[in-house]
Amino acid sequence: MQQPTLKALIFDVDGTLADTESVHRAAFNHAFEELGLGWHWDEALYAELLDISGGKERVQYYWQQVKSDVKAIDAQAVQHTVARIHELKTAYYEAAVNNGEVSLRPGVLQLFEEATNEGVLLAIATTTSPVNIAVLLRKAMGPDWRHFFAAIGDGTTAPQKKPHPMVYEQILQLLRLDARECLAFEDSGNGLKAATLAGLPTVITPTQYTRRHDFSRALHVVPDLGGVHLSDLRAWHQSHWSGERLLTVE
Ligand code: XBP
Ligand code: MG
């Protein structure tokens with residue numbers, strides 16, 4: 001079986017490109033306060049709620065599971081309120097990123113540059129909202145940030161969210177590449193599941209929210225991408241698939 005060539009790097013956003021979840025958490029709490037809901041998500045509760053991908057889904061889950069009063073309100077009213085909370089939260093998050101409260105994690109920009117210089121495609125596969133991607137990458141890479149990415153999948157293009165593989169499957173279709181020709185980069189158990197289900201070998205860079213997750217199926221787990229070069233990724237990718245070929249030869 002032909003050894004596949006590494007042709008694309010597919011990145012998750014929250015926790016992977018940048019350690020954003022503390023800023024997301026603060027934005028949720030600002031929205032709850034402004035709407036007078038009397039809700040507050042502390043670090044420990046938010047770490048649990050992060051098992052639910054997607055901010056709207058997370059709020060709905062919290063309201064249904066933790067605040068039992070939602071049963072008294074009809075589904076449409078719940079949807080409307082959740083959408084309002086999320087709209088407000090996203091505005092607070094956007095303001096915080098524009099205020100410089102979030103920066104890309106170590107090594108991310110360097111890898112973007114090396115990949116671009118060597119013709120390896122870059123893509124994004126996230127459950128977050130498109131505006132969150134734009135505000136983060138515009139701040140970090142300038143107004144032309146979008147040109148560096150061959151494809152972007154987000155919470156609006158893939159309604160079935162991680163650990164469902166939908167967003168990664170979409171990206172592979174858009175790139176017209178086989179999973180064997182790509183690497184995925186994630187920070188969480190849900191993200192690893194989604195990428196692995198799509199057939200993608202996955203590099204994990206945990207955060208303080210996800211460091212206890214199960215990463216046993218990851219290709220590599222590194223504290224961050226600082227000092228990780230495209231040459232390292234090519235070697236990891238090759239060893240992964242040559243390992244598979246040895247298995248199929250036996
Ligand atoms: C992480 C998420 C997102 C963010 C909040 O996305 O699950 O829901 O926590 O962003 P990623 P939204 O796949 O990038 O790790 O409120 O826009 O969903
Ligand atoms: Mg993530």
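Simple point charges give the picture: +1 on the Cβ of Lys and Arg, -1 on the Cβ of Asp and Glu, and for segment 21-98 a dipole about the Cα centre of about 180 debye.
Here the contact order of segment 21-98, divided by its residue count and restricted to Cα pairs under 8 Å and six or more residues apart, works out to 43 percent. Charge tally around Val23: other residues with Cβ under 13 Å, Lys/Arg +1 each, Asp/Glu -1 each, net -3. With all pairs of separate Cα atoms included, segment 120-250 yields a Kirkwood hydrodynamic radius of 15.6 Å. Rounded to the nearest 10 degrees, the inclination of helix 130-141 to the longest alpha-carbon principal axis of the chain is 60 degrees.
Counted over all Cα-Cα pairs of the chain, pairs farther apart than 21 Å make up 58 percent.
At 25 °C and 0.890 mPa s, grab the translational diffusion coefficient of segment 21-98 from Stokes-Einstein with a Kirkwood Rh over Cα pairs, rounded to a whole number in µm² per second. The calculation lands on 194 µm²/s. Think of a 1.4 Å ball rolled over the protein heavy atoms: the chain then has 48 Å² of accessible area per residue.
Suppose R0 equals 25 Å; then what is the FRET efficiency for Glu118 and Trp145 from their Cβ-Cβ distance, rounded to the nearest 0.05?
0.85
Summary of packing: across the peptides 19-31, 223-235, the per-residue average of other C-beta atoms within 10 Å ranks them, highest first, as 19-31, 223-235. In straight-distance terms, cross-link reach from Lys139 covers every one of the aspartates and glutamates whose alpha-carbon lies under 18 Å from its own, apart from those fewer than eight places away in the same chain; here that gives Asp12, Asp14, Asp19, Glu21, Glu94, Glu101, Glu113.
Cross-link pairs exceeding 25 Å in C-alpha to C-alpha distance, out of Lys56/Lys193; Lys89/Lys162; Lys89/Lys161; Lys67/Lys89; Lys7/Lys56; Lys7/Lys89, comprise Lys7/Lys56; Lys7/Lys89.
Report, to the nearest whole %, how much of the accessible area of the chain belongs to carbon and sulfur atoms, 1.4 Å probe, protein only.
Details: 6040 of 11920 Å².
Summing carbon and sulfur atoms, their accessible area is 51 percent of the total for the chain.
Helical runs (DSSP H, four residues minimum) scored at -39500 (n - 2.57) apiece and divided by the length of the chain put the mean residue ellipticity at 222 nm at -15000 deg cm²/dmol.
If you fit an axis through the alpha-carbon atoms of helix 75-98 and take the longest principal axis of the Cα set of the chain, what angle between them do you get, 0 to 90°, nearest 10? Helix 75-98 sits roughly 60 degrees off the main axis of the chain.
Multiplying the residue separation of Gln64 and Arg217 by 0.36 nm and removing their Cα-Cα distance gives an extension gain of 51.9 nm.
The antiparallel fraction among DSSP beta bridges confined to the chain stands at about 5%.
Please say if segment 152-192 is rounded, prolate or oblate, where rounded means a/c under 1.5 for a ≥ b ≥ c the square roots of the C-alpha gyration tensor eigenvalues, and otherwise the choice is prolate for a/b larger than b/c and oblate otherwise? Here segment 152-192 falls in the oblate category. Modelled spin-label separation between Glu101 and Ile73, with each label point placed 7 Å from Cα along the Cα-to-Cβ direction: 2.4 nm.
The values are calculated or read from the model by the stated rules, or taken from the named source; none is laboratory data. If you're wondering where the values come from, they're calculated on a predicted model, not measured in any experiment. Quick reminder, even Gly has a Cβ in these numbers, built from the backbone with ideal geometry, and neighbours come from all protein chains shown. Protein only, heavy atoms only, side chains kept; ligands, DNA and RNA dropped before computing areas. Shrake-Rupley method; radii C 1.70, N 1.55, O 1.52, S 1.80 Å.
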